[in-house]
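Participant: Provided herewith is a single structure, encoded as structure tokens, for subsequent inquiry.
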Amino acid sequence: LTHTVVAEAVRDADLSFPLPDCGVTIGSSRSCQSQWEHFTANPTHEPDLTNWLDTLPHTLAIETARYIGSRSAILAPMAACATGIWSIAQAVSLMRSGACERAIAGAVEAPITPLTIAGFTQMGALASTGCYPFDLRREGLVLGEAGAVFILETAELARSRGAKIYGEILGFGLTNDAYHMCAMDESGTAGVNAIWQCLERSNLTPTAIDYIHAHGTSTPLNDRRESQLIQQIFPNGVAISSTKGATGHTLGASGAVGVAFCLQAIATQTLPPCVGLKNPEFDLDLVTVPRQTDVNNLLCLSFGFGGQNAAIAIGKFDRLSTR
């Protein structure tokens, strides 16, 4: 899956291998967990651990670097369900520090394994009929698998080679609740701080945001807390949807998948719908069918176990801008 999405990203960017000066930030919340489960699946046989080093958590980033021929900085973020946005934010930080002018960033997740299913089942977090974010009848999440990676370049480099540009990373905010292993802090303070950090670093006000791609896991607690957080910062309303009703919850990859939806919204000037939503519980401007509208500034949110809060702002790229 990692090789597939990396190859597609490089091809779409009209680049070719090798890319020795390309930074790499590819994250995952579980990485090669399925292989570890396979090692212990049959207790009557000794597992073959010949290549066990190739299953460590940083493997996806290392494999990507090998695949593209990178000799630049390599990072393998792990921040639960906030991993995708964390990875993109870390790539932006590398570029802003001068470590590289180009980076490949995102996340890959294949979490449908016996252990993952057992864990979420024990928590009572899995849905039995479907995923309906922000709906009165929502009953839990549905696991999905995905990979989403992006080629990030400085504006100067992208312009100089006539690159196809989907959008611009304006800023990000990253905080932690320091509260509970899996439950969100009821005060929402750290989540609010992450969004305000993102807006301030992006030189945006809440009224400048045209659309929010919500985390929207379809669990009773997450959707309620996220709705309260959004209403607190955006009292005048803003278009919102969660695409997990279509993709399932791809855990560590979900933020990167959300960024992909945001970039497509800019390209098509169409907001993606909250699939499965019929009876909203919250007083939000929830997108229930594809909505054509002016889309310039978007916000993507992710919240992960351990209290990870991540927000990233994406804007329509102005080729005449001096930024």
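The values are calculated or read from the model by the stated rules, or taken from the named source; none is laboratory data. Nothing here was measured: the structure is a model prediction, and the numbers come from that model. All Cβ positions, glycine included, derive from the backbone under ideal geometry; neighbour counts span all protein chains shown. Heads up: the accessible areas ignore ligands, DNA and RNA and are worked out on the full protein's heavy atoms, side chains in. Shrake-Rupley method; radii C 1.70, N 1.55, O 1.52, S 1.80 Å.
Participant: Along the three principal axes, how long is the stretch 1-161 when you take its alpha carbons, biggest first, rounded to the nearest angstrom?
Facilitator: Taking the Cα atoms of the stretch 1-161, the three principal extents are 52, 49, 26 Å.
Participant: At a 1.4 Å probe, what is the % contribution of carbon and sulfur to the accessible area of the stretch 168-315?
Facilitator: That fraction is 50 percent.
Participant: Taking amide hydrogens as modeled 1.01 Å from N in the peptide plane, which residues meet the under 5 Å criterion relative to residue 22, leaving out close sequence neighbours?
Facilitator: 71, 72
Participant: Obtain the nm distance between the two label points defined at residue 37 and residue 145 by a simple spin-label model: each point lies 7 Å from its Cα along the Cα-to-C-beta direction.
Facilitator: 1.0
Participant: Another question, then. Which percent of Cα pairs goes in each bin when the distances of the stretch 104-223 are cut into 5 angstrom slices starting at zero?
Facilitator: 2, 8, 12, 15, 18, 19, 12, 8, 5, 2, 0
Participant: Would you mind pulling out the separation of the Cα centroids of the stretch 177-216 and the stretch 102-153, in Å?
Facilitator: 20
Participant: Please list the non-local residues whose amide H lies under 5 Å from the amide H of residue 143, H modeled 1.01 Å from N, same-chain partners needing a gap of 5 or more.
Facilitator: 249
Participant: Okay, next question. Report, by chain and number, residues whose modeled amide H sits under 5 Å from the one on residue 238, excluding near sequence neighbours (fewer than 5 apart, same chain).
Facilitator: 285
Participant: Tell me, what is the FRET efficiency for residue 179 and residue 224 to the nearest 0.05, using R0 = 22 angstrom and their Cβ-Cβ distance as r?
Facilitator: So the FRET efficiency works out to roughly 0.85.
Participant: Pull out the extension gain between residue 203 and residue 97, defined as 0.36 nm times the separation in residues minus the alpha carbon to alpha carbon distance; nm, one decimal.
Facilitator: Stretched out fully, the residue 203 to residue 97 stretch lengthens by 36.2 nm.
Participant: Looking at the stretch 1-161 only, what percent of DSSP beta bridges run antiparallel? Nearest 5 please.
Facilitator: 45
Participant: For the stretch 168-315, count the residues as N, evaluate 2.2 N^0.38 Å, and divide the Cα radius of gyration by that value, please.
Facilitator: After normalising by residue count via 2.2 N^0.38 Å, the value is 0.94.
Participant: Right, next: Among (i) 1.42; (ii) 1.93; (iii) 0.98, only one was calculated for this model; which label is it, if the read-out is Cα Rg over 2.2 N^0.38 Å?
Facilitator: Computed from the coordinates, Cα Rg over 2.2 N^0.38 Å corresponds to (iii).
Participant: Over the chain, what relative contact order in percent results from Cα pairs under 8 Å that are six or more residues apart?
Facilitator: Averaging sequence separation for qualifying contacts and normalising by length gives 23 percent for the chain.
Participant: Calculate one ³J(HN,Hα) per residue across the stretch 263-273 by plugging θ = phi - 60° into the Karplus curve 6.51 cos²θ - 1.76 cosθ + 1.60, and present them in order as whole Hz with x for glycine and proline.
Facilitator: My calculation for the stretch 263-273 gives 5, 5, 5, 5, 5, 9, 6, 9, 8, x, x Hz in order.
Participant: On average, how much accessible surface per residue is there in the stretch 1-132, in Å², for a 1.4 Å probe, leaving out ligands, DNA and RNA?
Facilitator: Value returned for the stretch 1-132: 51 Å² of accessible area per residue.
Participant: I would also like to ask the following. Based on DSSP H runs of at least 4 residues, each adding -39500 (n - 2.57), what is the mean residue ellipticity at 222 nm of the chain after dividing by all its residues, to the nearest 500 deg cm²/dmol?
Facilitator: -9500 deg cm²/dmol
Participant: Please report the carbon-and-sulfur percent of the accessible area for the stretch 1-161; probe 1.4 Å, protein heavy atoms only, DNA, RNA and ligands left out.
Facilitator: 56
Participant: For the pair residue 53/residue 288, report the inter-label distance in nm, with labels modelled 7 Å from Cα in the Cβ direction.
Facilitator: Result for the modelled spin labels: 5.7 nm.
Participant: Let me ask something else. Sketch the reach of a paramagnetic label on residue 296 as a point 7 Å from Cα along Cα-to-Cβ, and name the residues of the stretch 206-246 whose backbone nitrogen lies under 15 Å away.
Facilitator: 206-211
Participant: Follow-up question, since we're still on this one. With the other protein chains left in place, how much accessible area per residue, in square angstrom, belongs to the stretch 210-287 at a 1.4 angstrom probe?
Facilitator: Spelled out: the 1.4 Å probe surface of the stretch 210-287, per residue, equals 31 Å².
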